[in-house]
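The values are calculated or read from the model by the stated rules, or taken from the named source; none is laboratory data. Just so it is clear, the model here is predicted, and its values are computed rather than measured. All Cβ positions, glycine included, derive from the backbone under ideal geometry; neighbour counts span all protein chains shown. The protein model used for the area step is the full one, side chains on, heavy atoms only, and it has no ligands, DNA or RNA in it. Shrake-Rupley method; radii C 1.70, N 1.55, O 1.52, S 1.80 Å.
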Amino acid sequence: GWMYSSQSSTISCRADKTWEPIPGHCILAPPGITTTSTATSITVSLSSAATVSSHCAAVRGVDKSSQPWATSMSFSMCSATSSITFTGLQEYTEYSITGNVVSNMIRSTTANGPVTTTKATAPSAMPTINTATPSVLSVQLNWSPILGVEVNGVLSGYSITYSPSGSAGNSMTTAATTATVTGLTYNTMYTFNVAVVSSGGVGPNSTKTATTTQAVPKTPTLPLEISPAV
């Protein structure tokens, strides 16, 4: 147990340090916090040496320029069990974690848990192919990137696959939002697919077709005629 004596100004708190002394009284020590995460959820586990009747936790999106939407994602929950799962979270987003516990109708001080990032997943959107400009043996592609919230991970680049109708495809990757596909056959229609690649996987394809131009025929070389000497 624990006690406080105002006459002797002495404090006796439990030896197992479930309670922490401060001037004038004893308070319930903050819980230990560990977390696990999936792409859209975080489970917060609270541990305490006391006999706990209620466990409370909160998650809040960390304010970063790369995820300005995160600060609006704040949730709190209490449970009789030591593990609390928050669902419906944003993929690949950092969340700050806090928690406290209640024992004998006394609430502990609040503990800060580890900043936890939800798992990365494949991008949820496709880039927009703006142009596919053909020449005789190549096609230049240009596309617009997707929003940061749609990447769902660390952006690695873009995957481009292409093939003429009914033929096996070829592929290439680039970190830019433009690429020139070379080594094509003239006067042939090609289908081009562009997808975002992130640490969570490959997103859906954006598709566009283009036909390489007709090769310009060479001007024939006429035989040289030599007039006989006069």
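How fast does segment 81-147 diffuse by Stokes-Einstein, in µm²/s, taking the Kirkwood radius from C-alpha pairs at 37 °C and 0.692 mPa s? The estimated diffusion coefficient comes to 193 µm²/s.
For segment 154-165, backbone phi angles converted through the Karplus equation (6.51, -1.76, 1.60; θ = phi - 60°) give residue-by-residue couplings of 8, 5, 9, x, 9, 9, 10, 10, 8, 6, x, 4 Hz, Gly and Pro being listed as x. Here each label is just a point 7 Å from Cα along the line to Cβ, and for Thr36 and Ala175 those points are 3.6 nm apart.
Per-residue accessible area (protein heavy atoms, 1.4 Å probe) orders Ile146, Ile160 as Ile146, Ile160, starting from the largest. The modelled label-to-label distance between Cys78 and Val136, using points 7 Å beyond Cα along the C-beta direction, is 7.9 nm.
Of the whole protein surface, Cys56 contributes about 10 Å² of accessible area at a 1.4 Å probe radius. The residues of segment 156-218 expose on average 53 square angstrom of accessible surface per residue, using a 1.4 Å probe on protein heavy atoms.
Phi angles of segment 144-150 translate, via the Karplus equation with coefficients 6.51, -1.76, 1.60 and θ = phi - 60°, into HN-Hα couplings of 9, x, 8, 5, x, 5, 8 Hz per residue; Gly and Pro are given as x. On segment 57-182, 52 percent of the accessible area sits on carbon and sulfur atoms, based on a 1.4 Å probe.
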